[in-house]
Amino acid sequence: MKILECTSLTKEYISGENTVKAVDDISVSFDKGEFCAVTGPSGSGKSTLLHLLSSLEAPTAGDIIYNDVKLSNYNDNQLSILRRRRFGFVFQAYNLVQELTGYENILLPVMLDGKKPDEEYLNKIIDMLGIRDRLEHQPSALSGGQQQRIAIARALANKPSVLFADEPTGNLDGKSGREVLSLLKYAGKELGVTLILVTHDLHVAEQAERVITIEDGRIVSDTKNSEG
């Protein structure tokens, strides 16, 4: 079942007198619960595509459709609510609030939404990610891998439908990176979340069920289309 798609998606930037197409006429769809890696060389447009799909950036042309509704139908406030409630984000920089404990960081999106935390669900995520003994620590007392696990828990706290991860293992050593990746996969499967992960690391990409490769703003291969 399709949860997110884009049609003829284009993003142009003006650079001096030149127009650069960071994303060039991409049409692609993602199914509910699938794990898709988007890969390609630096500057290929993969992070821009992620920002467009998640409404962090607006396209120059084309449509993004989430659950059969075009994102262009939403105003800025509605898009903010959509991102907060239905989308989760994990970045290369953990983006944790340094003054808050691990648990307070996890609760942040729920509190911003004015909702009561679902303790049973949060406990499930905390145990799934193995961070129960780190909840009272502030980020400065945690390793990179632990901070990224807290960031993943925060991204999942509001029960998103889609989790967008931009180079989530980029700042981690090999072992921590592999652990974080398996946790993302496990959480996605357990919670039925669609995981769209951008990476330049082919070892990370090959863990996904589906790999989309982008060059110069266009999709040059998609393993979903080559199956069978």
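The values are calculated or read from the model by the stated rules, or taken from the named source; none is laboratory data. Just so you know, these numbers come straight off a predicted model, no measurement behind them. Note that each Cβ is placed from the backbone with ideal geometry, even for glycine, and that neighbours are counted across all protein chains shown. Surface areas here come from the heavy atoms of the whole protein model, side chains and all, with no ligands, DNA or RNA. Shrake-Rupley method; radii C 1.70, N 1.55, O 1.52, S 1.80 Å.
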Q. Say we look at region 15-38 and pick out the residues that are at pLDDT 95 or above and of a type in the set (Ser, Thr, Tyr); which of these is farthest from the chain's Cα centre (by Cα)?
A. SER27
**Q.** Residue tally, condition at pLDDT 95 or above, under 22 Å from the mean Cα position of the chain (by Cα) and open to solvent by less than 30 Å² (accessible area, probe 1.4 Å), over region 93-104
**A.** 1
Q: Tell me which of these GLY217 doesn't satisfy, since it passes every other one: (1) crowded, with 23+ Cβ neighbours inside 10 Å; (2) over 17 Å from the mean Cα position of the chain (by Cα); (3) closer than 29 Å to GLN98 by Cα.
A: (3)
Q) Which members of region 108-149 meet the condition of being over 20 Å from ARG84 (Cα atoms), surrounded by fewer than 15 Cβ atoms within 10 Å (Cβ to Cβ) and touching a residue at least 12 places away in the same chain (Cβ under 8 Å)? A) GLY130, GLU136, SER140, SER143
Q: Mind counting the residues in region 82-92 that are open to solvent by 50 Å² or more (accessible area, probe 1.4 Å) and assigned to a helix (DSSP H, G or I)?
A: 4
Q) Do we find a residue being in a strand (DSSP E or B), open to solvent by less than 30 Å² (accessible area, probe 1.4 Å) and aliphatic (A, V, I, L, M) anywhere in region 29-39? A) yes
(Q) From the list ALA93, ALA141, ALA153, exactly one residue is more than 22 Å from SER182 (Cα to Cα) and not charged (D, E, K, R). Which is it? (A) ALA141
**Q.** Any hit, region 178-198, residues being out of contact with any Cys (no Cβ under 9 Å at 6 or more places or on another chain), within 23 Å of LEU4 (Cβ to Cβ), open to solvent by 40 Å² or more (accessible area, probe 1.4 Å) and not in a helix (DSSP H, G or I)
**A.** no
Q.
Just to be sure I understand the filter: pairs with C-beta atoms under 6 Å, separated by 6 or more residues or on different chains, first member in region 69-88 and touching a residue at least 12 places away in the same chain (Cβ under 8 Å), second member open to solvent by 70 Å² or more (accessible area, probe 1.4 Å) and of a type outside the set (Lys, Arg). Which pairs pass?
A. none
Q.
Quick check on GLY174: is it free of Cβ contacts under 8 Å to residues at least 12 places away in the same chain and under 24 Å from LYS46 (Cα atoms)?
A. yes
Q) In region 3-18, what count of residues is obtained for those that are out of contact with any helix residue (DSSP H, G or I) (no Cβ under 7 Å at 6 or more places or on another chain) and either in a strand (DSSP E or B) or hydrophobic (A, V, I, L, M, F, W, C) (or both)? A) 10
Q.
Tell me yes or no: at least one residue of region 54-76 is in a helix (DSSP H, G or I) and open to solvent by less than 40 Å² (accessible area, probe 1.4 Å).
A. yes
